[in-house]
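K.L.:
I'd like to ask you about the structure that follows.
The values are calculated or read from the model by the stated rules, or taken from the named source; none is laboratory data. What you see is a predicted model; the values in this text were computed from it and never measured. All Cβ positions, even for glycine, are placed from backbone atoms using ideal geometry, and neighbour counts span all protein chains on display.
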């Protein structure tokens, strides 16, 4: 099946054989495209989603690839059409098709080579954990990555994949991250890159870098949320039993990879209770009382289990719910602010701008399912 490749300027979509197709064409003269072209919002969010969210996903692997990392990509983008999630075409590529062994020693037969990267709307680079000590990447690989980026593909990386992006010159002048243990090495090898060693992932629009390991889940869910909307990302998160959203700026140093409450059953029940009562003016004292703990003890155990503060967690959950309501209802923004527990509509707008770089109304125009 031919897969459409996006052109990220609000223009027409072009198939990989070079032929335009009306099913993938956006009229440059239409009010819709003019609106997005003239928009003053952050372009990485606003203009990209105005065209076509990604549907084909390629994982690029090397010998010794992390079985965990590759598996989680396959899990996030698995077939969930029964749950109204769009169908994704997922395939694995290597520099040379053939047998690849994972870090667990398990053999993996990779059918596709570098030429297949051009098919993908989203490419995720997953080299082995010790890739930084390997030989310099080949010119063919560098050219394939650059060509995919220039054609409009989103290129993301897990862990050592940021070294590939940097070697290709795609991180020059950009912010990026990698696993915390490799951050100094990345900065030393590529001084033109602004390395952020303590965050989970960095979104630079068409280039997204992640810390690796469990942060790969966060990166994939973030891309789903960014391009397909909160409702789709939340469906996938629920299906794979992880939290729907962790901010990219959250520190890598966290005891539990995903903030679900871990094995603390009392805390997990409080989180469920809080999600069901977002419309109420919940405070840390309220949550602590529900958990039968003192506020200080609750705050300490909450951070140990989730990697964040109760206030930040509540704010994120309220924003998650606000995004869903913007997508699936025609409620006024003021009504949504009240329903999700924000003190005023101005607080909702300010929080939305901080997370998305756009207003709630602009988000609704991009993602409304009505």
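K.L.:
Would you say residue 154 is modelled with pLDDT of 95 or more, within 13 Å of residue 118 (Cα to Cα) and under 18 Å from the mean Cα position of the chain (by Cα)?
P.N.:
yes
K.L.:
On the basis of being in contact with a helix residue (DSSP H, G or I) (Cβ under 9 Å, 6 or more places away or on another chain), assigned by TED's automatic domain parsing to the domain that holds residue 97 and farther than 27 Å from residue 97 by Cβ, does residue 193 make the cut?
P.N.:
yes
K.L.:
Follow-up. At pLDDT 95 or above and either in the same structural domain as residue 66 (by TED's automatic domain parsing) or out of contact with any strand residue (DSSP E or B) (no Cβ under 9 Å at 6 or more places or on another chain) (or both), is that true of residue 202?
P.N.:
no
K.L.:
Please report, ordered by residue number, the helices (runs of 4 or more DSSP H) entirely within the range 93-205 with at least 3 residues that are in contact (Cβ under 8 Å) with a residue 24 or more places away in the chain and farther than 21 Å from residue 56 by Cβ.
P.N.:
Fully inside the range 93-205 and qualifying: 161-167, 183-189.
K.L.:
What tally of residues in the range 66-87 results from selecting those that are within 21 Å of residue 214 (Cβ to Cβ) and not in a helix (DSSP H, G or I)?
P.N.:
4
K.L.:
A further question on this structure: Can we say residue 323 is closer than 30 Å to residue 368 by Cβ and surrounded by fewer than 20 Cβ atoms within 10 Å (Cβ to Cβ)?
P.N.:
Here the answer is no, as residue 323 does not meet what is asked.
K.L.:
Which residue, of 312, 251, is modelled with pLDDT under 85, surrounded by fewer than 19 Cβ atoms within 10 Å (Cβ to Cβ) and either over 11 Å from the mean Cα position of the chain (by Cα) or farther than 30 Å from residue 328 by Cα (or both)?
P.N.:
The conditions single out 251.
K.L.:
So, one more: Here are some conditions: (1) assigned to a helix (DSSP H, G or I); (2) over 22 Å from the mean Cα position of the chain (by Cα). Residue 330 meets all but one. Which one does it not meet?
P.N.:
Among (1) assigned to a helix (DSSP H, G or I); (2) over 22 Å from the mean Cα position of the chain (by Cα), the lone unmet condition for residue 330 is (1).
K.L.:
Just one of (1) more than 22 Å from residue 54 (Cα to Cα); (2) surrounded by 14 or more Cβ atoms within 10 Å (Cβ to Cβ) trips up residue 139, so point out which.
P.N.:
Answer for residue 139: the failing condition is (2).
A quick yes/no check of all residues on (1) buried (at least 19 other Cβ atoms within 10 Å of the Cβ); (2) under 10 Å from the mean Cα position of the chain (by Cα):
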| site | (1), (2) |
| --- | --- |
| 172 | no, no |
| 181 | no, no |
| 186 | yes, no |
| 219 | yes, yes |
